[in-house]
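The structure appears below as structure tokens.
No lab work stands behind these numbers, since they all come straight from the coordinates. The shown structure was predicted, so the numbers you read here are calculated from the model rather than taken from an experiment. Positions of Cβ are backbone-derived with ideal geometry, glycine not excepted, and every protein chain shown enters the neighbour counts.
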Amino acid sequence: MTMESVLKFFTIAAALDANVTKTSDLYDVSTPITIGKYKIQDFHKSKIPKITVQDIFVKSFNIGAAKIAVKLGIEKQVEYFKAIFSFKNRSTRKIYTDNPG
């Protein structure tokens, strides 16, 4: 699994936690989305134009995840990512310092 796929899952989890979206919300994944200078598209196209957040998560759709990220907002996304990765770093340090040998 690529880092981009992992970050998609964290983005969706953050949006769900922040009540920005629900698993049943529908997103149009029929056309690519451009964010800044990046064109986001899916390798495998959806057979239907609008799919649920649950399907975006399960099938790892880039367009849907990007639209969720836009809805969440960069500030909130960074806040969640800092909390997630800071927690990992603190936990890892604690394991090493608590285990003398």
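Projected area of region 3-98, taken from the Cα convex hull and averaged over every viewing direction, in nm²? Provide the component values of the computation, followed by the final result.
Working: hull surface 28.2 nm².
Mean projected area for region 3-98: 7.0 nm², to one decimal.
Pairs LYS8/LYS82; LYS8/LYS76; LYS8/LYS50; LYS59/LYS82; LYS50/LYS82: which are spaced more than 24 Å apart, C-alpha to C-alpha? The partial results should precede the final answer.
Details: LYS8/LYS82 15 Å; LYS8/LYS76 14 Å; LYS8/LYS50 18 Å; LYS59/LYS82 26 Å; LYS50/LYS82 31 Å.
Table pairs above 24 Å Cα-Cα are LYS59/LYS82; LYS50/LYS82.
Using 0.36 nm per residue, how much length does the chain from LYS37 to LYS59 gain when fully extended, once their Cα-Cα distance is taken away? Don't skip to the answer; put the middle values down first.
Numbers: separation 22, 0.36 × 22 = 7.92 nm, distance 2.49 nm.
Additional length available on full extension: 5.4 nm.
Using a Cα-Cα cut-off of under 16 Å, which aspartates and glutamates could be cross-linked to LYS71, ignoring same-chain neighbours fewer than 8 residues away?
The qualifying aspartates and glutamates are ASP17, ASP25, ASP28, GLU79.
Mind checking region 19-93 for chymotrypsin sites (Phe, Trp or Tyr not before Pro) that DSSP puts in a loop (not H, G, I, E or B) and that have at most 16 other Cβ atoms within 10 Å? Spell out each step's value before the answer.
Working: sites: TYR27, TYR38, PHE43, PHE57, PHE61, TYR80, PHE81, PHE85, PHE87; in loops: PHE43, PHE61.
Those satisfying the criteria are PHE43.
Pop the C-beta distance of THR52 and SER86 into the FRET formula with R0 = 30 Å and round what comes out to the nearest 0.05. Don't skip to the end; give the middle numbers.
Details: r = 31 Å, r/R0 = 1.02.
It comes out at approximately 0.45.
Between VAL6 and SER30, how many nm apart are label points set 7 Å from Cα along the C-beta direction?
Distance between label points: 3.6 nm.
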